[in-house]
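Notes to accompany the following structure.
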Amino acid sequence: MKKTIRPKAGRSYPLGATLYPEGANFCLFSKNATAVELLLFNTDGHDYPEHAFHLDPKTNKTFYYWHIFIPGIQQGQLYGWRVHGPFVPEEGYRFDPHKVLIDPYARAVAMEAYDRSAAIQPGDNCARAIKSIVVGPNHYDWEGDRPIKHPFAKSIIYEMHLGGFTKHPSSGVREEWRGTYRGLIEKIPYLKELGITAVELMPVQQFDPYDVPNEQLVNYWGYSPIAFFAPHHAYASTADPIGRINEFRDMVKALHRAGIEVILDVVFNHTAEGDDKGPTLSLKGIENRAYYLLEKEHFHRYYNFTGTGNSLNANHSVVRRMILDCLKYWVSEMHVDGFRFDLASVLARDENGKPIDNPPVLWSIESDPVLASTKIIAEAWDVHQYQVGSFIGDKWAEWNGQYRDDIRRFMKGDEGLAEKAARRLCASPDLFHTLMRDPNRSINFVDCHDGFTLNDLVSYNDKHNHANGEDNRDGTDTNFSWNCGTEGPVDNPEIEQLRIRQIKNFLVLLMVSQGTPMLQMGDEIRRSQQGNNNAYCQDDELSWFNWNQVQENTELLEFVKRLIRFNLSEKFFQEEAYWNASSPANGTSCTFHGTSLYHPDWGHYSHSLAYTLDNREYGHQLHVMINAYWEPLTFGLLGGKRKWKRIIDTYVAGKEACLKADDAPTAKGKAIEVQARSVVILYRKFDE
């Protein structure tokens, strides 16, 4: 026999489920709903609700907020919403009381019985719906944990997939911990030794793993959110929802102890609900017209600036509040250090989908005092808008997509790229000089999750995405890659040596550029996806970090470690002002050359570039020479009595490729030969 529960009216704040000693307050925003039901489920079996409470619009509604207080509720209670209202898609209304909906503010969810197709098809999906879980104030022992606050100038970012980092059997992690927050904790010593100062985790907000066009696959990357406040359940080693939250916190605390920041890749541009043919999971059935951008002439259609079917209406007051509340939750309660905003240009659009000069949500994120110490990084584009160098605000850093493209093209031998490459090496002043930001807000990268890995960039001319089940149509065709003579794996030692050299070239340029460098997981050990440049649905060894390769690529791994130490110890790369062309007495001078001193070759056929970094306060100079040509080139050397030391040479194998100045060989004469497709860096002190 059901226990009698006498609910109270409740109140309109906070949103979501808020636990108190005597029970829980539930609150939901819905402007156009005609009726709302709160469902409570047993934890043992939740096919059908144990209790259903019909909210009275006279006593359980304040303005657009529906609320109710249920006595006796405890942490771990499963619940869901049914929202009644008009189903008139041509007017933008998609209320469907047959669907059990996720609370947008849910801190945890139950996914065990979830069936995405049941949320798409007509009829009741209660037995196969995702359920929200009540989470109360958690007295977690942070043991004095505080934000690390590394400046961008002293940061090395490592973009990684949390699950894929330890899922491979070779990880050495206990089987039940592989692919989890706890598994990552086990591998912190590797990250520490590598020299990483921040991990940028691909989405860990609860996402829909079944949001894929082919039912035989799963959504591996996670750019398909369904519960913004909840840590992804599959990345926890425990089934206990509170345990999942604390396991995430354990991971953050452990990374902080190692001096490593945690940056979350957050997806506030769309959700897993897709377009008009997609499922009704949460926002679509709560208040479709508020949460999504709809075509004004055809309200049944969603603006698709994301390529995923829908776009969030981020500058709507309620959606904006949700985004801010969510970010502050992850900072205050989960102690994360920053965020990378996927397709952030969607957040710069108004309710008509038009770009706006001063988007309220972006200014709110920048100016919020709770977020003041966090790193905020924009992927400053969407499907129809490219804003790199013109993104709003004083605080935002940006993924520099131009850096990726121009450095790739220059190093693979495209013509006419020397001048563009020079700009990218100097933190892209042509893009960012009008913004009130230091040069380290340019997040430089050669590759990322979206596209070829660094190894595949030098091993494939074309994408090979057949495993995705879309006849190789998915993924970009614009890779700016070069296979070094043969497509895919080879036994030819000369091609292998060339590929390793090209990998080193890219890594060296990344570490001797002004700006903040970002590596992708596994670049340091030649992780390959066999030419798949869109492995979003490949939750298998194709995508995972293969720890066997750590031993197979020790020389390259050691090279990367030395490069990172060089970057973090060299003052030229710690500066918070742009390198300039004025006297070294006024800061760092960056002087460009070609093969001849003081004569950079900006011509169409140039494949060479050199530059000298000079600052009297530092007591030394650096001279970088880049030969992207297929034959050796002779570069002029600055004269004087002082001797140059060859500290980096990508043509040389082993430890000799990257040395401390004290151990490096001397470069003599007025010129030096740089071998084909290689980079050489020289060092000299002023007092020698």
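Checked against the criterion of being within 23 Å of Ala198 (Cα to Cα) and acidic (Asp, Glu), segment 347-360 has no qualifying residue.
Name the one entry in Lys296, Lys328 that is under 30 Å from Ile245 (Cβ atoms) and among the basic types (Lys, Arg). Spell out the reasoning first.
Values: Lys296 fails: under 30 Å from Ile245 (Cβ atoms).
Among Lys296, Lys328, only Lys328 is under 30 Å from Ile245 (Cβ atoms) and among the basic types (Lys, Arg).
Answer yes if at least one residue in segment 400-418 is closer than 28 Å to Asn315 by Cβ, touching a residue at least 24 places away in the same chain (Cβ under 8 Å) and part of a helix (DSSP H, G or I), and no otherwise. Yes: segment 400-418 contains one or more residues that are closer than 28 Å to Asn315 by Cβ, touching a residue at least 24 places away in the same chain (Cβ under 8 Å) and part of a helix (DSSP H, G or I). Ala52 is checked against (1) in contact (Cβ under 8 Å) with a residue 12 or more places away in the chain; (2) aliphatic (A, V, I, L, M); (3) out of contact with any Asp or Glu (no Cβ under 7 Å at 6 or more places or on another chain) and fails just one. What number does that condition carry? Among (1) in contact (Cβ under 8 Å) with a residue 12 or more places away in the chain; (2) aliphatic (A, V, I, L, M); (3) out of contact with any Asp or Glu (no Cβ under 7 Å at 6 or more places or on another chain), Ala52 violates only (3). Annotation: of all residues in segment 141-160 being in contact (Cβ under 8 Å) with a residue 60 or more places away in the chain and at positive phi, the one that is surrounded by the most Cβ atoms within 10 Å (Cβ to Cβ) is Lys149. The criterion of at least 1 residues that are touching a residue at least 40 places away in the same chain (Cβ under 8 Å) and within 30 Å of Lys192 (Cα to Cα) is met by the following strands (runs of 3 or more DSSP E) wholly inside segment 548-637: 608-615, 620-627. Taken as a whole, the condition of being outside the structural domain of Gly23 (by TED's automatic domain parsing) and in contact with a helix residue (DSSP H, G or I) (Cβ under 6 Å, 6 or more places away or on another chain) does not apply to Leu191. Selection of segment 652-688 for residues being among the aromatic types (Phe, Trp, Tyr) and either within 17 Å of Met511 (Cα to Cα) or in contact with a Cys (Cβ under 9 Å, 6 or more places away or on another chain) (or both) yields only Tyr683. Taking each residue of segment 227-249 that is over 15 Å from Asp265 (Cα atoms) and at pLDDT below 95 and looking for partners that are part of a strand (DSSP E or B) and among the small types (Gly, Ala, Ser) with beta-carbon atoms closer than 7 Å, six or more apart or interchain, yields Pro241/Ala108.
Results for (1) within 24 Å of Ile648 (Cα to Cα); (2) surrounded by fewer than 16 Cβ atoms within 10 Å (Cβ to Cβ); (3) over 25 Å from the mean Cα position of the chain (by Cα), shown as yes or no for each residue.
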{"site": "Gly413", "(1), (2), (3)": "yes, yes, yes"}
{"site": "Asn440", "(1), (2), (3)": "yes, no, no"}
{"site": "Val446", "(1), (2), (3)": "yes, no, no"}
{"site": "Leu454", "(1), (2), (3)": "yes, no, no"}
{"site": "Asp471", "(1), (2), (3)": "no, yes, yes"}
{"site": "Phe480", "(1), (2), (3)": "no, no, no"}
{"site": "Ile495", "(1), (2), (3)": "yes, no, yes"}
{"site": "Phe506", "(1), (2), (3)": "yes, no, no"}
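Inspect all residues belonging to segment 626-636 and state whether any of them is crowded, with 21+ Cβ neighbours inside 10 Å and not aliphatic (A, V, I, L, M). Within segment 626-636 (the criterion being crowded, with 21+ Cβ neighbours inside 10 Å and not aliphatic (A, V, I, L, M)), the answer is yes, since at least one residue qualifies.
Considering only segment 91-100, I want to know if a residue exists there that is more than 33 Å from the chain's Cα centre (by Cα) and of a type in the set (Lys, Arg). No, because not a single residue in segment 91-100 is more than 33 Å from the chain's Cα centre (by Cα) and of a type in the set (Lys, Arg). Scanning segment 647-688 for residues that are in a strand (DSSP E or B), surrounded by fewer than 19 Cβ atoms within 10 Å (Cβ to Cβ) and among the acidic types (Asp, Glu) yields one hit, Glu673.
Within segment 171-215, how many residues are in a loop (DSSP other than H, G, I, E, B) and either at pLDDT below 95 or within 22 Å of Arg107 (Cα to Cα) (or both)? So that I can check it myself, show each step before the final result.
Step one: of segment 171-215, the residues in a loop (DSSP other than H, G, I, E, B) are 172-174, 178-180, 187, 195-197, 202-204, 208-215.
Those still in the list that are either at pLDDT below 95 or within 22 Å of Arg107 (Cα to Cα) (or both) too: 179-180, 202-204, 208-211, 213-215.
Here the count works out to 12.
For (1) modelled with pLDDT of 95 or more; (2) in contact with a His (Cβ under 9 Å, 6 or more places away or on another chain); (3) at negative phi; (4) assigned to a loop (DSSP other than H, G, I, E, B), each residue gets a yes or a no:
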residue	(1), (2), (3), (4)
Glu487	yes, yes, yes, yes
Ile495	yes, no, yes, no
Ile500	yes, no, yes, no
Pro517	yes, no, yes, no
Glu524	yes, no, yes, no
Gln530	yes, yes, no, yes
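Selection of segment 238-251 for residues being closer than 17 Å to Arg178 by Cβ and either buried (at least 22 other Cβ atoms within 10 Å of the Cβ) or within 23 Å of the chain's Cα centre (by Cα) (or both) yields Arg244, Glu247, Phe248, Asp250, Met251.
Residues in segment 124-140 that are part of a loop (DSSP other than H, G, I, E, B) and either over 19 Å from Trp330 (Cβ atoms) or touching a residue at least 40 places away in the same chain (Cβ under 8 Å) (or both): Asp124, Asn125, Ala129, Ile130, Val134, Val135, Gly136, Pro137, Asn138, Tyr140.
One line per residue, one yes/no per condition, for (1) modelled with pLDDT of 95 or more; (2) farther than 27 Å from Ile242 by Cα; (3) aliphatic (A, V, I, L, M); (4) part of a strand (DSSP E or B):
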residue: Ile73; (1), (2), (3), (4): yes, no, yes, no
residue: Gly80; (1), (2), (3), (4): yes, no, no, yes
residue: Glu90; (1), (2), (3), (4): yes, yes, no, no
residue: Asp96; (1), (2), (3), (4): yes, yes, no, no
residue: Lys99; (1), (2), (3), (4): yes, no, no, no
residue: Tyr105; (1), (2), (3), (4): yes, no, no, no
residue: Ser117; (1), (2), (3), (4): yes, yes, no, no
residue: Pro122; (1), (2), (3), (4): yes, yes, no, no
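Quick one: in segment 216-228, which of the residues that are assigned to a loop (DSSP other than H, G, I, E, B) and in contact with an Asp or Glu (Cβ under 7 Å, 6 or more places away or on another chain) is nearest to Arg340 (Cα to Cα)? The residue in question is Tyr223.
The values are calculated or read from the model by the stated rules, or taken from the named source; none is laboratory data. All of these numbers come straight from a predicted model, not from anything done at the bench. A quick note on method: Cβ atoms are made from the backbone with ideal geometry, for glycine too, and the neighbour counts reach across all protein chains shown.
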